[in-house]
Amino acid sequence: MINIKSDREIELMRIAGKYNQLTFKELEKYLKPGISTGKLDKIVYDFIIKNGCVPSTLGYQGYPASVCISINDEVVHGIPGKRVIKDGDIVSIDLVLSYKGYHADATRTYIIGNVPLEVKKLVDNTKNAFYEGVKQVKEGARICDISRAIEKYAHEHGLSVVEELVGHGIGSAMHEKPDIPNFNTNDYTKLKAGMTIAIEPMLNLGSKHIYVEDDDWTVKTFDGKPSAHYENTVLVTKDGYEILTGD
Ligand code: MF3
Ligand code: CO
C-alpha cells in the first residue's frame, strides 16, 4: 500500500521541507576546508532542535548522528567524526528531519575548492540526473519512467548507477513504499497525486560496485573512485510535481 497524503499531511511535509532547506543554508556557512564532519553534525543537530524539528537519522537503526557526510569515494551513510574537510574533496551531505512527525529528506554534494573537471562533471550530472527523473513525475506515470530516465542520463554521461541503495516513499516514516530505483526494474506501479517520494541518484565515476566499511555504515565505491549523490523530497501532483526541499 502506497500512502496518499491528506492536505494536512502535505502542509506538514512542506514545512519540514522548508526547515530542511534552512538547515542546509546554515550548514553552508561553515562548510569550508578545516572543519571536521563532527562539528558540522553538531551544527545540524543544534539548528534542527532550535527550530522545533527532530533529526530523523539520529538513533535510526543505531545510526549515531543527525546527518550523513560522505566524502569522495564514500557513497552514502558516512558517519561524522574527527575527519577534516579539505580542498579538493567532494562532500555529500544527506539530511533528514521531521516536523510534527513528517519527514523531509534531501542530499547535496558540495565541491570544496579545486577538483578535476571529471569530478565536477560527476557532481553536476548527478544533480542533472535527479532532474531528468523528476521531470517524469505526475499522476499516472510509472516508477520505471523515473528509473529509466535517471539510468539513461547517467549512462549517456559515462557514469555508473549504484543499485544497492534506492529512493523511497516518505511521510510519517523516513522510508515508506514504494522503492524508487535509479536503474530500470520494470516497475510499472503508477504514481498518484498526494504520494510523496524521495528521488536520489547515487552515481559513480568508475564502476557501480560498492562495499560497506567495518563501521557497518559507510558505503564506499569498490574501485576507490568518487561518487556523488543528489536528493529531494517530491510531492506527486495531478499534472506534475512539487519539490518540497528546494534545490
Ligand atoms: N537519507 C537517507 C535515505 O535516504 C537516510 C539514511 S539514514 C541512516 O535513506 F540513518 F540509515 F543513515
Ligand atoms: Co533518502
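Report in % the part of the accessible area of the chain that belongs to carbon and sulfur, leaving out ligands and nucleic acids; probe 1.4 Å.
Percent of accessible area from carbon and sulfur atoms in the chain: 51.
Determine which residues of region 1-45 fall in the zone a paramagnetic label at residue 110 would reach in this model, i.e. backbone nitrogen under 11 Å from the point 7 Å along Cα→Cβ.
Taking a point 7 Å out along Cα→Cβ of residue 110, the residues of region 1-45 whose backbone N falls under 11 Å are 24-37, 40-41, 44.
Any chance you could run the full-extension gain for residue 193 through residue 11? It's 0.36 nm times the residue separation minus the Cα-Cα distance, nm to one decimal.
64.1 nm
Using θ = phi - 60° and the Karplus curve 6.51 cos²θ - 1.76 cosθ + 1.60, what whole-Hz ³J(HN,Hα) does each residue of region 52-63 get, with Gly and Pro shown as x?
x, 10, 10, x, 6, 7, 5, x, 5, 6, x, 4
Cut-off under 25 Å on the C-alpha distance; same-chain residues fewer than 8 positions from residue 32 excluded. Which lysines are left, in chain and number order?
Reachable lysines: 18, 42, 50, 82, 86, 120, 121, 127, 220, 225.
Can you work out the accessible area per residue across region 7-243, with the rest of the protein chains kept in place, probe 1.4 Å, in square angstrom?
43
At a Cα cut-off below 18 Å, give the lysines reachable from residue 192, other chains included and same-chain residues fewer than 8 away excluded.
List returned: 5, 135, 138, 177, 238.
The values are calculated or read from the model by the stated rules, or taken from the named source; none is laboratory data. Not measured: the values here are computed from a predicted model. All Cβ positions, glycine included, derive from the backbone under ideal geometry; neighbour counts span all protein chains shown. Calculation scope for accessible area: heavy atoms of the full protein, side chains included, ligands and nucleic acids excluded. Shrake-Rupley method; radii C 1.70, N 1.55, O 1.52, S 1.80 Å.
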